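Have a look at the structure below before the remarks.
Each value in this text was obtained by applying a stated rule to the coordinates, not by laboratory testing. Owing to the predicted nature of the structure, the values given are computational and were not obtained by experimental measurement. Please note: Cβ atoms are built from the backbone with ideal geometry, for glycine as well, and neighbour counts cover all protein chains shown.
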Amino acid sequence: MQLKPSPRAISLYYFGIFAVLGVYLPLFPSWLQAQEVRGLAMGAIAATLPAMGLIAPPVFGFIADSLGVRVWLIRAACAGALVAFALLALASALGVALGFGGLFVAALAFAFFRAPMFTMADVVAIETSLSSGISYGRLRLWGSISFALMAIVGGALIDTARPAAFPATMTAALLAAFAVSWTLPAGDEAPFQRPRQQRGAREAADTASAPAAPAAPAAENSVQQRARALLRSRDFRLFLAASFLAQSANSSYDLCYTLHLRDVGFPESLVGVAWAVGVSGEIALMAFSGPLLQRFAPPTLLAVAFAGAALRWALLSSVRWWPALLAIQPLHAVSFAMMWVASLAYTRDRAHPQILATAQGLFSASAGAGSVIGMLVWGELYKRGGGSLTFGVASITASSAFVLAVTFARSTRRSLSGSSVFSASSQYQE
């Protein structure tokens, strides 16, 4: 399949979907509090996002690799997420009290469709990077810019005490993301064509354009066989375990950071700015991720990222002066951005091109599983001990990920020192 969205199109799509997260992540916990949802109930609802990140990416990734479909899955996911929040906005506008059950179902539906919106975007961005020569980080940074802008604007203008304000804004942002998804060309994707016909067309095209090669047994070339082989490798399993722990720690930030700022007296009008300062560090690292990945092996960068995360959460647990809390935020570049680009670099190098979406889905699932556990824990911990207890435990969790990452880095082959996402000199390793 020849799927070549322009770099401008994928950057625009990133801008659209991260505008959604720029509203959702900073404001959703406060909105739930305004609906009298707290503690374990808040954690359970917030956990739907990473829970679907555990289930949906491997499912959609396998479908994408098996059928050769990317963009149509993105469009379908955007439409589903839009419908979920549109119904929630309508209920809120009509004054219908949904209660815990209704809010949980709405959040679950949004989370299910949100997962492939982002996972498939990364797959398409990696493929676009390979065909255009533009690094993944430079494509992805437009999403970070969008997130920062929406965090500032949303924090200043959206009153979470008004029941309809937050879901209405989310609906508008999702409508814009759905519209932008149509700027991504679907190439020769044929979602309504029989899978056998689709595979036959691709095989004919490959035969015409590629030199003759010895035929390989069908089992060795199947998506299932390659995925099982990848999962049997020790280094990939360690990578997934470290990702699980690190993301469980990171989820404390997603759920409790806004609440912690307000509890320690951080000016409410600057909460969105605090999120944006963190994302500004993310943007800078994304912009210069190419040279970084050419110089250092992805496993080494992952170890540094997890160590930076442990430091960040330790500082958050102990610092109370709000200017100092703001000064800590650039560590987001290490704890998140470095972790993300290094993870994708490793996944792209470690996985055969035939199972790229599947491998990306497995990574997203491990991170999602960590977030699910974290979301269920952090809400209750925050209720009992506030930010000191929550972020202190998160720091210990991130330190455990660091220990695993050091082991993982030592066991990973030295040949995986660069990524084809960032450097044309790197090659896939079987």
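How much space per residue, in cubic angstrom, does the convex hull of the C-alpha atoms of region 28-176 take up?
Measuring per residue, one finds 114 Å³ for the Cα hull of region 28-176.
Can you give the translational diffusion coefficient of region 62-131 in µm²/s, computed by Stokes-Einstein from the Kirkwood radius over Cα pairs at 25 °C and 0.890 mPa s?
181 µm²/s
Using a 10 Å cut-off on Cβ atoms, rank the peptides 151-162, 390-401 from the highest mean neighbour count down.
390-401, 151-162
Hey, what D do you get for region 1-92 in µm²/s if you plug the Kirkwood alpha-carbon radius into Stokes-Einstein at 10 °C and 1.306 mPa s?
The estimated diffusion coefficient comes to 102 µm²/s.
What are the ³J(HN,Hα) couplings of region 225-233, residue after residue, when phi is run through the Karplus curve with 6.51, -1.76, 1.60 and θ = phi - 60°? Round to Hz, x for glycine and proline.
Karplus-based 3J(HN,Hα) across region 225-233 equals 5, 5, 5, 5, 5, 5, 5, 7, 6 Hz.
Taking 0.36 nm per residue of sequence separation and subtracting the Cα-Cα distance, how much length would be gained by fully extending the chain between Ser222 and Ser131, in nm to one decimal?
Here the answer is 30.3 nm.
Run through region 1-78 and list the trypsin sites (Lys or Arg not before Pro) located in a DSSP loop whose Cβ has at most 16 other Cβ atoms within 10 Å.
In loop regions of region 1-78 (DSSP not H, G, I, E or B), the sparsely surrounded trypsin sites (Lys or Arg not before Pro) are Arg38.
Find which of Val271, Gln354, Ala229 sits farthest along the positive direction of the dipole of the chain, computed with +1 on the beta-carbon of Lys and Arg, -1 on that of Asp and Glu, about the Cα centre.
Ala229
Given the DSSP H assignment, sum -39500 (n - 2.57) over each helix run of at least 4 residues in the chain and divide by its residue total; what's the result at 222 nm in deg cm²/dmol, nearest 500?
-26500 deg cm²/dmol, from helical runs alone.
State the Cα centre-to-centre distance between region 113-182 and region 41-60 in whole Å.
18 Å
Mind ranking 107-117, 257-267 by how tightly packed they are, going by the mean number of other C-beta atoms within 10 angstrom, highest first?
Listed from highest to lowest mean packing, they are 107-117, 257-267.
Relative contact order, percent, of the chain when contacts are C-alpha pairs under 8 Å separated by at least 6 residues?
29 percent
Quick check for me: using +1 on Lys/Arg Cβ and -1 on Asp/Glu Cβ, what's the dipole size of the chain about its Cα centre, in debye to the nearest 20?
580 debye
Over region 265-334, what per residue volume does the convex hull of the Cα atoms give, in whole Å³?
Enclosed volume per residue, from the Cα hull, is 71 Å³.
Read phi for every residue in region 112-122 and hand back ³J(HN,Hα) as whole Hz from Karplus 6.51 cos²θ - 1.76 cosθ + 1.60, θ = phi - 60°, with x for Gly and Pro.
Karplus-based 3J(HN,Hα) across region 112-122 equals 4, 7, 5, 4, x, 4, 9, 5, 5, 4, 5 Hz.
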